[in-house]
1. Sort Ser343, Ser143, Ser123 so that the residue with the fewest other Cβ atoms within 10 Å of its own Cβ comes first and the one with the most comes last.
2. Distance check, please: which entries in Lys152/Lys334; Lys283/Lys334; Lys150/Lys283; Lys39/Lys152; Lys39/Lys231; Lys102/Lys267 exceed 26 angstrom between their Cα atoms?
3. By per-residue mean of other Cβ atoms within 10 Å, what is the highest-first order of 152-158, 124-130?
4. Identify which of the listed values of Kirkwood radius over Cα pairs in Å was calculated from the structure shown: (1) 25.2; (2) 22.2; (3) 22.9.
5. Calculate the translational D of the range 147-241 in whole µm² s⁻¹ from Stokes-Einstein, where the hydrodynamic radius comes from the Kirkwood formula applied to all Cα pairs, the temperature is 37 °C and the viscosity 0.692 mPa s.
6. Please state the charge dipole magnitude for the range 58-148, taken about the Cα centre, from unit charges on C-beta atoms (+1 on K and R, -1 on D and E), reported in debye and rounded to the nearest 20.
7. Of Phe119, Ile103, Leu159, which is farthest on the positive side of the dipole of the chain, counting Cα position, with +1 on Lys and Arg Cβ, -1 on Asp and Glu Cβ, and the Cα centre as origin?
8. What length, rounded to one decimal in nm, is gained on full extension from Asn179 through to Ser117, with 0.36 nm per residue of separation minus their alpha-carbon distance?
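We did not get these values from a lab; they are worked out from the coordinates using the rules stated. What you see is a predicted model; the values in this text were computed from it and never measured. Here the Cβ positions follow ideal geometry from the backbone for every residue, glycine too, while neighbour counts run over all protein chains shown.
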Amino acid sequence: MAVFFSTITYAQNINYIVSDKHSFTMKKGALDIKSAYLKINDTIDVFNIKDRVAGDSNYDSVGDLDGYEFGVRYGISARDTILVDYQLWNVSYDDSPLKNQKIKILNRYNLVSSKDSFFNAFSIDVGYIRDSSKPLNITSDSSLNALIQKVKPGTTVKLNDGVLVKDGSTFAIYDKTGNIIKPYLSIENLKSDSYLARILVGKVLSPNNIIDFYIGAKFIDIKTSIDFYPKDNALLNSFIGDYKSVNLDRTEKSVELGFLYTLKVYKTIFEFNYEYTKIFRDKDVSYTDENTVIETTLAQELTKNALLYLGVRVMMQQFNTDVPYLYTKYTKTKFDKMYGFASFGALYRF
């Protein structure tokens, strides 16, 4: 929601830009529609984060992201607001593009709203978040060999341009027509369902700036499996063993806390959100069990009902909390790098 219209005054006259971590609800019948384009590449990079993701890779596209966001927010009553958000992320990692779809549904209910108390608003959120993607197929030799060692420790078999190599000898897999079949790993059934509860309090510091504090908890149900293809191939099984699908399904819990600061100067609005998350995982998955996310947004009013905004999102431990199914016992050491992207969007209030 956006902080536009004349000035920030109190309760239902307070409106926000991008973040959904605010304690005040919308006016009854108010409707916001938001749309944004998300991007990171060599030209549009957030604090040179892309190079940290790519590491020593020779692929310039590693870590590139483009995507879209659409949001709708509606004031059901003076105390009740519903927020629905959809995001599509296309992220390039070597030869394995991630296409994550995120759907978030929140219901915010304001329990207390008072000009005279220390905190002017006290609200609760309940929500549901679904992240999902089509299978990720790992085909590059370096990625395959590293994953094979993690899934089947100690094997001496390696892949070189899709051909099996063992003790200096090469072995190829052919289909019925004589074409080479290149083995690959497929990460499948990628999805996570998160159930959220959150408490928020807000204070009006002056007619033009607000601060909100929040604390929340999530229960997360994660589905992931790994399969090696071609399945049930005699030659492949003779080298790496009778490979069986690896089931990585799990549940985990997390606690988040943070604050949101909003400032309006004439027709320019600034928003800053800081959030820390602690994740509670089983021992075999535990490694990078926290994340810090910083978001800033700068918006400009165009009319009484419309604005344009530019935002930046930085994740200190990249997708550790944003895309839960990507974190597994085989990938857990890859989540200690920063990642971030820019967003360019517009919001209109009816």
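1. Values: Ser343 20, Ser143 17, Ser123 24.
In increasing order of surrounding Cβ atoms, one gets Ser143, Ser343, Ser123.
2. Values: Lys152/Lys334 19 Å; Lys283/Lys334 17 Å; Lys150/Lys283 17 Å; Lys39/Lys152 37 Å; Lys39/Lys231 37 Å; Lys102/Lys267 31 Å.
As for pairs spanning more than 26 Å Cα to Cα, those are Lys39/Lys152; Lys39/Lys231; Lys102/Lys267.
3. Working: 152-158: 11.7, 124-130: 16.3.
Per-residue Cβ counts within 10 Å, averaged per peptide and sorted highest first, yield 124-130, 152-158.
4. Computed from the coordinates, Kirkwood radius over Cα pairs in Å corresponds to (2).
5. Numbers: Rh = 18.0 Å.
Stokes-Einstein gives a translational diffusion coefficient of 182 µm²/s.
6. That gives a dipole near 640 debye.
7. After comparing all options, I get Phe119.
8. Values: separation 62, 0.36 × 62 = 22.32 nm, distance 7.47 nm.
Full-extension gain reported as 14.8 nm.
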